[in-house]
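Take a look at the structure below.
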Amino acid sequence: MTMMTEMRNKAALVLTAAGSSTRIGTGIKKEFLPLGKGSVLSEACSIFIRTLGKKLSIIVITYPADKRTQTEEAFFSDPDIRRLLEKHSIKLIFTEGGGTRQESVRKALEALAETESGEQTGFVLIHDAARPWVNTEIIEDVCKAAEQYGAAVPAVPATDTLAATESLDGGKGLDGQEKIIRSYLDRKSIFCLQTPQCFDFQKLLAAHRAAAGENRNDCTDDTTVWTAYYGPVHLSKGSTANKKITFATDIPGGTTMKIRTGLGYDLHRLTEGRKLIIGGVDIPFEKGEDGHSDGDVLLHAITDALLGAAGLGDIGELFPPSDDRWKGADSRKLLKEAWQKVKDEGWKLENIDCVIALERPKFLPYRLQVRESIASVLECPAESVFVKAKTGEKIGKIGRGEAVEAWVTCLISHL
């Protein structure tokens with residue numbers, strides 16, 4: 001019988017992703033960076049599902065106050081994640097983090113305790129979402145040690161010479177102060193702690209509650225909390241490969257991220273008897289776009305921009321007007337299919353900027369609805385999409401109300 005089938009009760013996983021990621025210097029939260037088939041966040045999680053299977057009953061993911069949507073997007077960027085959750089009947093909840101890691105974990109534990117799964121949870125694993133290279137052996141070893149002792153943490157021996165220092169008045173050195181070595185530490189007894197850290201769930205929750213009640217906010221990880229109220233934490237085998245992403249250089253290739261821009265353009269004649277559809281939104285008007293599909297000029301331009309940026313052709317190649325399958329087609333479905341091809345190549349959307357040229361009707365009242373419509377098709381935040389409108393100033397085909405045009409630029413990235 002394997003260790004996983006011997007573990008008492010169910011296990012829960014808390015993924016901490018509520019930090020600000022200021023030190024990575026990419027402008028993108030590190031857990032959201034593309035990695036493998038998805039993101040750093042999805043890579044950090046999927047190995048737990050594959051290792052623990054049905055022994056894992058629930059996953060709790062913490063996120064920063066203003067990044068719920070982006071966190072969910074990054075998590076589901078791996079197309080296999082949803083299938084794995086369903087296969088093993090694993091519940092998933094997202095909970096807003098706190099001002100410190102300690103507070104974020106406590107809030108996650110409280111959220112877990114409020115669920116039906118919390119009553120079944122014997123052990124909880126706390127893992128840094130920015131550690132995407134954890135492996136099955138580390139997870140199994142820490143679970144086995146926690147089952148035996150109540151608390152365990154993977155660790156690796158220190159390899160550098162370690163020194164305790166003291167600061168001198170005046171001068172500037174490390175941390176803005178002049179420092180000298182005061183003593184040396186015996187590295188034979190020094191270990192670097194990693195995650196996942198595994199604990200008896202009810203005891204860890206009680207320890208976090210006690211620490212919060214005493215306003216004890218100096219706990220840098222969960223072993224610190226456990227030790228303060230329950231005693232020693234046992235070490236299990238870690239790995240130097242199980243590193244935490246802190247700086248851009250921690251990612252293979254460093255800051256080498258492929259960035260591409262795309263340009264899309266489309267024009268449609270306006271004619272009576274057709275709907276005016278812009279960005280997937282029906283806009284009341286006496287005329288609409290003439291076209292083989294529904295004629296959505298903006299979604300057609302977006303489709304071309306994304307396909308062109310990824311080097312995957314254009315809308316005419318993918319959905320030729322000579323093919324009756326696309327007659328009257330919903331352009332939202334065409335864009336979704338094209339975007340899936342782009343995503344399958346590992347590309348991630350950074351932003352889209354659009355310009356609509358339309359004399360009448362006024363576009364501004366519909367702009368937010370159009371942005372949200374496009375964002376829903378591309379499964380991205382509305383903040384990543386912007387749309388502006390211009391008139392033809394009564395000049396030319398646009399000014400005479402004979403046509404509508406759209407120009408689109410997009411930025412996509414690939415790590």
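Just a few scattered comments:
- Close Cβ contacts (under 6 Å, 6 or more residues apart or on different chains) running from residues in region 280-294 that are free of Cβ contacts under 8 Å to residues at least 40 places away in the same chain and over 13 Å from Arg269 (Cα atoms) to residues that are among the basic types (Lys, Arg) and open to solvent by 10 Å² or more (accessible area, probe 1.4 Å) comprise Asp282/Lys275.
- Taking residues in region 371-395 that are within 18 Å of Arg68 (Cβ to Cβ), and partners anywhere that are open to solvent by 100 Å² or more (accessible area, probe 1.4 Å) and assigned to a strand (DSSP E or B), not one pair has Cβ atoms closer than 6 Å while being at least 6 places apart or on different chains.
- The helices (runs of 4 or more DSSP H) located wholly in region 295-389 that include 3 or more residues which are open to solvent by 50 Å² or more (accessible area, probe 1.4 Å) occupy 331-344, 367-378.
- Filter result (charged (D, E, K, R), touching a Leu at 6+ places or on another chain (Cβ under 9 Å) and under 15 Å from Val387 (Cβ atoms)) within region 333-362: Asp353
- Flag if Thr227 is without any contact (Cβ under 8 Å) to a residue 12 or more places away in the chain and under 30 Å from Ile49 (Cα atoms): yes
- Count of region 28-47 residues, restricted to those that are of a type in the set (Val, Ile, Thr) and either assigned to a loop (DSSP other than H, G, I, E, B) or out of contact with any Ser or Thr (no Cβ under 8 Å at 6 or more places or on another chain) (or both), is 2.
- Residue within region 267-274 that is under 29 Å from Glu350 (Cβ atoms), in contact with a Ser or Thr (Cβ under 7 Å, 6 or more places away or on another chain) and not in a loop (DSSP other than H, G, I, E, B) present: no
- The single condition among (1) touching a residue at least 12 places away in the same chain (Cβ under 8 Å); (2) closer than 12 Å to Phe201 by Cβ; (3) open to solvent by 50 Å² or more (accessible area, probe 1.4 Å) that Asn135 does not meet is (2).
- For Trp407, the criteria (1) surrounded by 17 or more Cβ atoms within 10 Å (Cβ to Cβ); (2) out of contact with any helix residue (DSSP H, G or I) (no Cβ under 8 Å at 6 or more places or on another chain) hold in every case but one, which is (2).
- Failed item, numbered, when Leu193 is tested on (1) within 26 Å of the chain's Cα centre (by Cα); (2) without any contact (Cβ under 8 Å) to a residue 60 or more places away in the chain; (3) open to solvent by less than 50 Å² (accessible area, probe 1.4 Å): (3)
- Inclusion of Ile277 among residues that are surrounded by 15 or more Cβ atoms within 10 Å (Cβ to Cβ), more than 31 Å from the chain's Cα centre (by Cα), closer than 29 Å to Arg260 by Cα and not small (Gly, Ala, Ser) is warranted.
- Look at (1) under 30 Å from Glu31 (Cα atoms); (2) assigned to a helix (DSSP H, G or I) and you find that Leu411 fails only one, number (2).
- Subset of region 210-241 (residues that are more than 17 Å from Ala146 (Cβ to Cβ), open to solvent by less than 20 Å² (accessible area, probe 1.4 Å) and either aliphatic (A, V, I, L, M) or touching a Phe, Trp or Tyr at 6+ places or on another chain (Cβ under 8 Å) (or both)): Ala211
- Qualifying positions in region 16-71 - at positive phi and under 15 Å from the mean Cα position of the chain (by Cα): Ser21, Gly27, Gly36
The values are calculated or read from the model by the stated rules, or taken from the named source; none is laboratory data. Everything quoted here is computed from the prediction, not taken from an experiment. Because the Cβ atoms are built from the backbone with ideal geometry, glycine has one as well, and the counts that use them run over all protein chains shown. The area values use the complete protein model at the heavy-atom level, side chains included, leaving out ligands, DNA and RNA. Shrake-Rupley method; radii C 1.70, N 1.55, O 1.52, S 1.80 Å.
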